[in-house]
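Trainee: Before anything else, here's the structure in question.
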Amino acid sequence: MLIQIGYDIELALTAPTALIYLLRVHPSREHDLQSPEQLVVQPAMPTAEYIDAYGNRCGRIQVPAGVSTVRLSNQARIYDSGLPDPYYPAAYQHAPQELPTEVLQFLLPSRYCEVDSELLAFAWAQFGQTPLGWSRVQAVCNFVHQRIRFDYANARANRSALQGFHEQTGVCRDFAHLAVTLCRCLNIPARYCTGYLGDIGIPPVPSPMDFSAWFEVYLGGQWVTFDARHNKPRIGRVLMAHGRDAGDVPITMTFGPNTLTRFGVVTDEVR
């Protein structure tokens with residue numbers, strides 16, 4: 001199938017700054033693009049793109065004095081298999097000493113994923129008797145899916161996994177942060193992912209389209225997808241970026257005051 005993807009984002013600024021964005025399709029999916037992404041920056045300003053430490057395609061805009069708003073828009077079509085997220089019930093869970101060196105960082109605490117907290121003892125008490133591998137990660141997803149109540153009105157950009165565990169509310173990033181943290185507590189490498197996920201293959205959702213967050217774990221020698229918010233295989237997932245947590249993969253980041261004045265996302269199957 002083909003999926004139309006894109007966004008229209010505008011920020012109001014009060015001072016010259018650098019603006020960083022992670023809004024490109026991830027390099028691992030670029031070969032699926034049916035035409036190059038058409039990123040437009042208004043007003044036109046110097047930009048530079050680069051690959052960060054996690055392999056994500058990032059951009060930097062130099063916003064000069066006198067520019068009070070920056071608008072970013074993009075559109076593209078991307079090929080997708082149309083199949084649900086892969087299911088690997090026999091996927092092997094590696095012991096820490098067996099893991100590749102580059103994977104070990106995804107066992108460590110990070111800004112929003114407090115592995116070195118009360119969640120460590122909780123994770124082993126709650127999941128320590130579950131079968132290793134895929135079944136253990138699915139048990140984590142089942143728990144997080146029940147523990148957190150999805151509510152846009154309770155979104156907060158600085159909520160950590162431990163806070164989400166106690167507050168029991170949030171949005172997709174909060175589901176992902178808690179699941180990532182619990183997996184790391186159980187010595188399962190886990191990383192946070194962000195990208196497009198539309199209402200393909202499910203009844204339409206009445207809320208406005210947004211970017212989505214999910215997570216990946218390292219099992220059987222590869223990274224595999226899990227989604228604690230939806231807790232079921234989904235169709236049409238398009239990765240933009242992954243990292244230790246949301247702090248590594250902000251949609252946009254400015255180094256100074258800013259206000260989001262426009263935000264629209266498109267993820268539609270092309271019929």
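Trainee: Run a plain Debye calculation on the stretch 193-266 (Cα atoms as equal point scatterers, no solvent) and give log10 I(q)/I(0) at q = 0.26 Å⁻¹, rounded to two decimals, same order as the q list.
Mentor: Each listed q corresponds, in turn, to -1.37.
Trainee: What percent does the relative contact order of the stretch 96-244 come to when contacts are Cα pairs within less than 8 Å and at least six residues apart?
Mentor: Values: 250 pairs, mean separation 39.7, N = 149.
Reported relative contact order: 27 percent.
Trainee: Label the stretch 96-158 by shape, choosing from rounded, prolate and oblate, from the square roots a ≥ b ≥ c of the eigenvalues of the Cα gyration tensor; if a/c is under 1.5 it is rounded, and otherwise prolate applies when a/b is larger than b/c, oblate when it is not.
Mentor: Oblate shape, in that a/c is at least 1.5 and b/c is the bigger or equal ratio.
Trainee: Follow-up. Rounded to whole Hz and in sequence order, give me ³J(HN,Hα) for the stretch 41-49 from the Karplus expression 6.51 cos²θ - 1.76 cosθ + 1.60, θ = phi - 60°, writing x for Gly and Pro.
Mentor: 10, 10, x, 5, 9, x, 10, 9, 10
Trainee: Limiting things to C-alpha atoms, what are the Rg and the maximum Cα-Cα separation (Dmax) for the chain, in angstroms?
Mentor: Spelled out, the Cα radius of gyration and Dmax of the chain are 18.8, 60 Å.
Trainee: Putting +1 on Lys and Arg Cβ atoms and -1 on Asp and Glu Cβ atoms, find which of His177, Leu2, Tyr218 reaches farthest to the positive end of the dipole of the chain.
Mentor: In the chain, that residue is His177.
Trainee: Quick check: net charge around Leu22, other residues with Cβ under 12 Å of its Cβ, Lys/Arg +1 and Asp/Glu -1? Could you put the intermediate results ahead of the total?
Mentor: Details: positive: Arg24, Arg57, Arg60; negative: Glu49, Asp52, Asp248.
Around Leu22, the charge tally is 0.
Trainee: Which residue, chosen from Gly243, Gly55, Gly198, occupies the Cα position most advanced towards the positive end of the dipole of the chain, where the dipole is computed from +1 (Lys, Arg) and -1 (Asp, Glu) charges on Cβ about the Cα centre?
Mentor: Going by the Cα projections, it comes out as Gly198.
Trainee: Can I ask one more? Can you give me the C-alpha center-to-center distance between the stretch 112-181 and the stretch 199-271, rounded to a whole angstrom?
Mentor: Going from one Cα centre to the other spans 17 Å.
Trainee: Per-residue counts of other Cβ atoms within 10 Å, averaged by peptide: what ranking do you get for 139-150, 172-183, highest first? Working shown, then result.
Mentor: On the way: 139-150: 18.4, 172-183: 29.2.
So the peptides 139-150, 172-183, ranked by packing, come out 172-183, 139-150.
Trainee: Still on this structure, I have one more. With the contact rule set at Cα under 8 Å and sequence spacing of 6 or more, what percent relative contact order holds for the chain? The partial results should precede the final answer.
Mentor: On the way: 586 pairs, mean separation 81.9, N = 271.
Relative contact order here is 30 percent.
Trainee: When the Kirkwood radius is taken over all Cα pairs of the stretch 1-159, what Stokes-Einstein diffusion coefficient follows at 37 °C and 0.692 mPa s, in µm²/s? Mind showing how you got there, number by number?
Mentor: Details: Rh = 20.1 Å.
Estimated via Stokes-Einstein, D reaches 164 µm²/s.
Trainee: Calculate how large, on average over all directions, the projected area of the Cα convex hull of the stretch 96-244 is; give the answer in nm² to one decimal. All intermediate terms of the calculation are to be shown ahead of the outcome.
Mentor: Working: hull surface 35.0 nm².
The Cα convex hull of the stretch 96-244, projected and averaged over all directions, gives 8.7 nm².
Trainee: Still on this structure, please answer the following. Return a whole-number percent for the relative contact order of the stretch 163-236, with Cα pairs under 8 Å and 6 or more residues apart as the contact set.
Mentor: On the way: 96 pairs, mean separation 23.4, N = 74.
32 percent.
Trainee: Can you sort Glu37, Glu30 so the residue with the fewest Cβ neighbours within 10 Å comes first? Working shown, then result.
Mentor: Working: Glu37 17, Glu30 13.
Result, fewest neighbours first: Glu30, Glu37.
Trainee: By counting other Cβ atoms within 10 Å of each Cβ, how are Val265, Val137 ranked from fewest to most? All intermediate terms of the calculation are to be shown ahead of the outcome.
Mentor: Working: Val265 18, Val137 26.
Going from sparsest to densest Cβ surroundings: Val265, Val137.
Trainee: Can you work out the FRET efficiency for the pair Phe255 and Ala90, with r the C-beta to C-beta distance and R0 = 41 Å, to the nearest 0.05? Working shown, then result.
Mentor: Values: r = 47 Å, r/R0 = 1.14.
So the FRET efficiency works out to roughly 0.30.
Trainee: Still on this model: So what is the calculated 222 nm ellipticity per residue for the chain, using -39500 (n - 2.57) for each DSSP H run with n of 4 or more, over all residues, to the nearest 500 deg cm²/dmol? Please list the in-between numbers first.
Mentor: Numbers: 4 runs with 45 residues, N = 271.
Helix-only estimate at 222 nm: -5000 deg cm²/dmol.
Trainee: Additional query: Once you charge only the Cβ atoms, +1 for Lys and Arg and -1 for Asp and Glu, what is the size of the charge dipole of the chain about its Cα centre, to the nearest 20 debye? Intermediate results must be reported in sequence, preceding the final value.
Mentor: Details: 22 positive and 25 negative charges, 45 e Å.
In debye, rounded to 20, the chain gives about 220.
Coordinate-derived values only; no laboratory data. Small disclaimer: the values here were computed from a predicted structure and weren't measured. With ideal geometry, Cβ positions are generated from the backbone for all residues, glycine too; neighbour counts draw on all protein chains shown.
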